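Please read the structure below before turning to the comments.
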Amino acid sequence: QVQLVESGGGLVQPGGSLRLSCAASGFSFSTSTLRWYRQAPGKERELVASSSHFGAVTNYADSVKGRFTISRDNAKNTLWLQMNSLKPEDTAVYYCSVRVLSIDYWGQGTQVTVSS
């Protein structure tokens, strides 16, 4: 079955960096579009970044452009989100997601807290 497991979250000071990982299994990783979402307390889930099949095309939310980078290793079935110049408003639970046969799958999420 499809499994997505995020890791790498934590507490970081404003201006700091974190690298999130998502280990995937149970589907064709290299041919799938993969996405990072985040959800802050009291807010709706927000699409942060996406990587098309084989990583050919990447897209970012305006709020993270120039600061976050999505990347993938198709040989290792792993997706990353490098987050630099973090701001308090980046505080949220971050999820990786994939759509397989019209069903959206999510990991359990990893908490990112940006605070001094």
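The values are calculated or read from the model by the stated rules, or taken from the named source; none is laboratory data. From a predicted model like this one, the values you see are computed outputs, not experimental measurements. In this analysis, Cβ positions are derived from the backbone assuming ideal geometry, glycine residues included, and neighbour counts consider all displayed protein chains. Calculation scope for accessible area: heavy atoms of the full protein, side chains included, ligands and nucleic acids excluded. Shrake-Rupley method; radii C 1.70, N 1.55, O 1.52, S 1.80 Å.
Brief remarks on what is shown
- Just so you know, in segment 85-116 the residues that are farther than 13 Å from Ala40 by Cβ and charged (D, E, K, R) include one that is most open to solvent (accessible area, probe 1.4 Å), and it is Arg99.
- Restricting attention to segment 56-84 and to residues that are small (Gly, Ala, Ser) and within 23 Å of Gln13 (Cβ to Cβ), the residue that is surrounded by the most Cβ atoms within 10 Å (Cβ to Cβ) turns out to be Ala61.
- Top-ranked residue in segment 1-40 [being aliphatic (A, V, I, L, M) and under 12 Å from Leu79 (Cα atoms); ranked as most open to solvent (accessible area, probe 1.4 Å)]: Val5
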